[in-house]
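A.B. asks: One structure coming up, written as structure tokens, with questions to follow.
Laboratory data are not the source of any read-out in this text; all were calculated from the coordinates shown. Only a predicted model underlies this, so the values are computations on that prediction, with no experimental measurement involved. Cβ placement follows ideal geometry from the backbone for every residue including glycine, while neighbour counts extend to all protein chains displayed.
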Amino acid sequence: MLNTRDILETINMIREENLDVRTVTAGISLFDCVADDNKRLCEKIYDKITKTAENLVPVASSIEKEIGIPIVNKRISVTPISLVCGNATPDDCVEIARTLDRAAATVGVNFIGGYGALVQKGMTKGSEALIDSIPDALAETNIVCSSVNVASTKAGINMDAVAKMGRIIKETAAKTADRDAIGCAKLVVFANVPEDNPFMAGAFHGIGESDCAINVGVSGPGVVAKAIERAGNVSFGELSDVIKKTAFKITRVGQLVAYEASKRLGIPYGIVDLSLAPTPAIGDSVAHILEAMGLEVCGTHGTTAALMMLNDAVKKGGVMASSHVGGLSGAFIPVSEDAGMIHAAEIGELSIEKLEAMTAVCSVGLDMIAIPGDTTAETISALIADEIAIGVANTKTTAVRVIPAPGKTVGDSVEFGGLLGYAPIMPLRTPSSAAFIARGGRIPAPIHSLKN
Amino acid sequence: MKAVVSVIGKDSIGIIASVSGCCAEFGANITEITQSVLDEYFAMIMIVDISKMNKPFSDFVDAMAELGKKSGLEIRAMHQDIFDAMHRI
């Protein structure tokens with residue numbers, strides 16, 4: 001039997017606390033599209049995506065309506081294009097990006113991810129061509145997202161790829177300079193990238209996945225913040241319990257949506273990603289959760305500890321609620337997408353160094369951070385190297401998505417609108433890291449990668 | 001199969017009549033009603049059996065939302081599955 005209190009609690013989470021399912025993402029393998037001619041490859045990719053995901057949006061919309069919870073985004077992730085493009089040139093790759101954009105628009109999804117490469121140990125010719133094409137591909141498409149994995153705990157850090165990605169990010173910014181460098185908001189550099197992540201910009205359909213899969217990303221920072229506020233002045237043990245119970249309920253909704261979507265689409269259920277994903281809306285902020293725990297402003301001393309506890313409790317609560325958990329599964333801290341983070345950065349209380357420390361205890365990394373437009377490629381590469389090192393040494397995913405907005409400097413801001421939000425330009429260290437980045441080669445895998 | 005119809009808003013005459021009229025039109029059988037009035041606000045929760053409905057459930061959701069709009073109330077029809085998922089182990 002349903003009781004009134006439970007019913008009202010659920011309705012209140014949706015009405016007042018921004019509870020939603022962030023995304024239903026259909027992962028689609030493109031291995032069966034491989035062809036020796038790029039035009040033929042593009043045709044097969046278009047057909048495979050539009051056929052497999054034909055009903056994704058209507059089905060997700062009907063689930064949304066029937067169970068009464070918003071499903072904010074419907075997305076597609078595909079096999080990393082570098083693995084199917086073979087002998088392509090950068091121009092061929094851009095053509096594939098246009099094809100992805102067109103296929104995604106045809107089925108009506110919000111984003112398509114997988115325009116990327118896995119180069120943690122070295123680069124194939126195809127990977128290199130694809131990476132070289134990223135600036136043009138992101139400038140010429142609307143909803144294609146790109147990710148490049150440059151390191152893993154097993155392989156170490158491919159510093160040649162790190163150096164290259166610094167230059168690619170600068171070029172991508174330059175090519176989308178008229179739109180506040182929005183290309184960079186769709187480009188992320190990873191260490192230990194998960195292969196079933198439904199969240200953008202890093203979603204792709206990994207090489208060990210089945211032909212297609214439904215992966216669901218949950219959300220709900222507002223629900224957790226309100227639960228903490230209601231709990232009042234309790235000890236950390238009790239606080240952790242409050243978060244766990246809330247995460248359990250949020251995840252059960254994700255599990256329900258994943259199960260229904262899988263059943264109705266006839267596509268196997270992959271995973272539920274237990275992430276707290278903020279939006280720029282008021283009341284949907286991870287920073288505000290940390291502040292509800294007793295910090296005056298997110299970014300002050302105590303922030304890393306608060307985030308560590310939050311991240312851990314979300315996983316402990318969520319893991320019991322879902323049969324398969326995967327993806328990134330942790331709290332996200334994208335600056336431009338979180339009203340509390342934006343405020344903390346604007347008043348100078350949230351520094352890039354603190355954000356870096358925070359990424360050691362949560363997913364994912366230095367995310368949606370606007371930096372001065374005159375930042376050199378080498379400095380961006382060094383920033384990536386630092387962040388990636390945290391992931392490699394701690395056997396976790398880390399990532400960098402920074403926006404060096406051309407012509408802008410500290411005191412200015414960039415504005416993307418929608419879920420991507422806006423961000424003040426944050427200052428970076430100015431002494432050069434160029435000689436360090438110029439060394440090239442690989443940083444060897446850490447000793448604890450040798451587990452066998 | 002059951003659904004929950006919730007009505008939240010300012011109290012006014014005839015709310016239950018119009019919501020139950022809409023249920024009858026779709027062939028949804030009301031099995032339980034609880035309501036409370038707090039100051040001038042009204043909260044009603046209705047459990048309805050939707051297994052013998054004569055139209056798709058999604059049309060019922062739309063009709064309830066529409067009725068809410070017309071009467072200045074928030075009316076939602078949600079499938080029981082979401083409440084079971086969140087509150088039952």
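A.B. asks: How big is the dipole moment of chain A about its Cα centre under a simple scheme where the beta carbon of each Lys and Arg is +1, that of each Asp and Glu is -1, and everything else is neutral? Debye, nearest 20, please.
C.D. replies: In total the dipole reaches around 880 debye.
A.B. asks: Per-residue HN-Hα couplings for region A:364-371, Karplus 6.51 cos²θ - 1.76 cosθ + 1.60 at θ = phi - 60°, whole Hz, x for Gly and Pro?
C.D. replies: 10, x, 6, 10, 6, 10, 8, 10
A.B. asks: Take every Cα-Cα distance within region A:234-292, group them into 10 Å bins from 0 onward, and report for each bin the whole-number percent of pairs it holds.
C.D. replies: Histogramming region A:234-292 at 10 Å steps yields 19, 37, 29, 13, 2 percent.
A.B. asks: Going down the list A:Lys65/A:Lys316; A:Lys65/A:Lys396; A:Lys121/A:Lys315; A:Lys121/A:Lys354, which pairs span over 32 Å between their C-alpha atoms?
C.D. replies: A:Lys65/A:Lys396
A.B. asks: For the charge dipole of chain A, defined by +1 on Lys and Arg C-beta atoms and -1 on Asp and Glu C-beta atoms about the Cα centroid, which residue among A:Ala313, A:Ser433, A:Val21 has the Cα displaced farthest towards the positive pole?
C.D. replies: It is A:Ala313, whose Cα lies furthest towards the positive end.
A.B. asks: While we're on this one: Ignoring everything except DSSP H segments at least 4 long, calculate the 222 nm mean residue ellipticity for chain B; use -39,500 (n - 2.57) per segment, divide by total residues, nearest 500.
C.D. replies: -12000 deg cm²/dmol
A.B. asks: Now for a separate question. In square nanometres, what is the average projected area of the Cα convex hull of the protein assembly as shown?
C.D. replies: With every direction weighted equally, the projected area is 25.9 nm².
A.B. asks: So what is the calculated 222 nm ellipticity per residue for chain A, using -39500 (n - 2.57) for each DSSP H run with n of 4 or more, over all residues, to the nearest 500 deg cm²/dmol?
C.D. replies: -13500 deg cm²/dmol
A.B. asks: If you plug each phi of region A:48-64 into the Karplus form 6.51 cos²θ - 1.76 cosθ + 1.60 with θ = phi - 60°, what whole-Hz ³J(HN,Hα) values come out, in order, with x for Gly and Pro?
C.D. replies: Per residue, the Karplus-derived 3J(HN,Hα) values read 4, 5, 5, 7, 5, 9, 3, 9, 4, 5, x, 5, 4, 5, 6, 5, 3 Hz.
A.B. asks: At what distance in angstrom do the alpha carbon centres of region A:117-140 and region B:1-65 lie from each other?
C.D. replies: Value for the Cα centre distance between the two parts: 55 Å.
A.B. asks: For an R0 of 41 angstrom, estimate the FRET efficiency from the Cβ-Cβ distance between B:Tyr41 and A:Lys263 and round to the nearest 0.05.
C.D. replies: Approximately 0.60, to the nearest 0.05.
A.B. asks: If you don't mind, another one. So what is the relative contact order for chain A, in percent, with contacts set as C-alpha pairs under 8 Å and at least six apart?
C.D. replies: 17 percent
A.B. asks: Which whole number gives the average count of other chain Cβ atoms within 10 Å of the Cβ atoms across peptide A:3-15?
C.D. replies: 5
A.B. asks: Consider a paramagnetic label point 7 Å from the Cα of A:Ile447 along Cα→Cβ; state which residues of region A:386-400 have an amide N under 17 Å from it.
C.D. replies: Counting only backbone N, you get A:393-395.
A.B. asks: Taking Cα centroids, how far is region A:225-293 from region A:320-395 in Å?
C.D. replies: So the separation of the two Cα centres works out to 20 Å.
A.B. asks: Further, regarding this structure: Given the options B:Gly72, B:Phe60, B:Met46, identify the residue whose Cα lies farthest towards the positive end of the charge dipole of region B:35-80 (+1 on Cβ of Lys, Arg; -1 on Cβ of Asp, Glu).
C.D. replies: The Cα lying farthest towards the positive end belongs to B:Phe60.
A.B. asks: Nearest-5 percent of antiparallel DSSP beta bridges in chain A?
C.D. replies: The antiparallel fraction comes to roughly 35 percent.
A.B. asks: Let me ask something else about it. With a point put 7 Å past each Cα toward its Cβ, work out how far A:Thr395 is from A:Glu349 in nm, to one decimal.
C.D. replies: Label-label distance for A:Thr395 and A:Glu349, simple model: 3.7 nm.
A.B. asks: How many Cβ atoms of partner chains, on average, are near each residue of B:2-12 if near means within 10 Å of its Cβ?
C.D. replies: For peptide B:2-12, the averaged partner shielding equals 2.
A.B. asks: Here is a follow-up. Please list, in order along region A:108-124, the HN-Hα scalar couplings obtained from phi with the Karplus expression 6.51 cos²θ - 1.76 cosθ + 1.60 (θ = phi - 60°), rounded to whole Hz, x for Gly and Pro.
C.D. replies: Rounded to whole hertz, the list is x, 7, 7, 8, 10, x, x, 7, x, 8, 10, 10, 4, 10, x, 10, 7.
A.B. asks: Still on this structure, please answer the following. Let me know the charge dipole size of region A:25-191 about its Cα centre in debye, to the nearest 20, where only the beta-carbon of Lys, Arg (+1) and Asp, Glu (-1) is charged.
C.D. replies: 380 debye
A.B. asks: With unit charges on the beta carbon (Lys/Arg positive, Asp/Glu negative), name the residue among B:Asn29, A:Asn452, A:Ser363 whose Cα is farthest towards the positive pole of the charge dipole of the protein assembly as shown.
C.D. replies: So the residue we want is A:Asn452.
A.B. asks: Sticking with this structure for a sec: Tell me which trypsin sites (Lys or Arg not before Pro) from region A:392-452 have a DSSP coil assignment and no more than 10 other beta carbons within 10 Å of their own.
C.D. replies: Listed in order of number, the matching sites are A:Arg439, A:Lys451.
A.B. asks: Now, a different point. Would you order A:Ser147, A:Ser433 from fewest to most other beta-carbon atoms within 10 Å of each residue's own beta-carbon?
C.D. replies: Listing A:Ser147, A:Ser433 from fewest to most nearby Cβ atoms yields A:Ser433, A:Ser147.
A.B. asks: Going by average Cβ neighbours within 10 Å, how do the peptides B:39-50, A:322-333, A:226-237 rank, with the highest at the top?
C.D. replies: Order by mean packing, descending: A:322-333, B:39-50, A:226-237.
A.B. asks: Hey, quick one: spin label on A:Thr50, modelled 7 Å out along Cα-Cβ, who in region A:83-124 has an amide N within reach, i.e. under 13 Å?
C.D. replies: A:99-108
A.B. asks: Let me know the charge dipole size of chain B about its Cα centre in debye, to the nearest 20, where only the beta-carbon of Lys, Arg (+1) and Asp, Glu (-1) is charged.
C.D. replies: 140 debye
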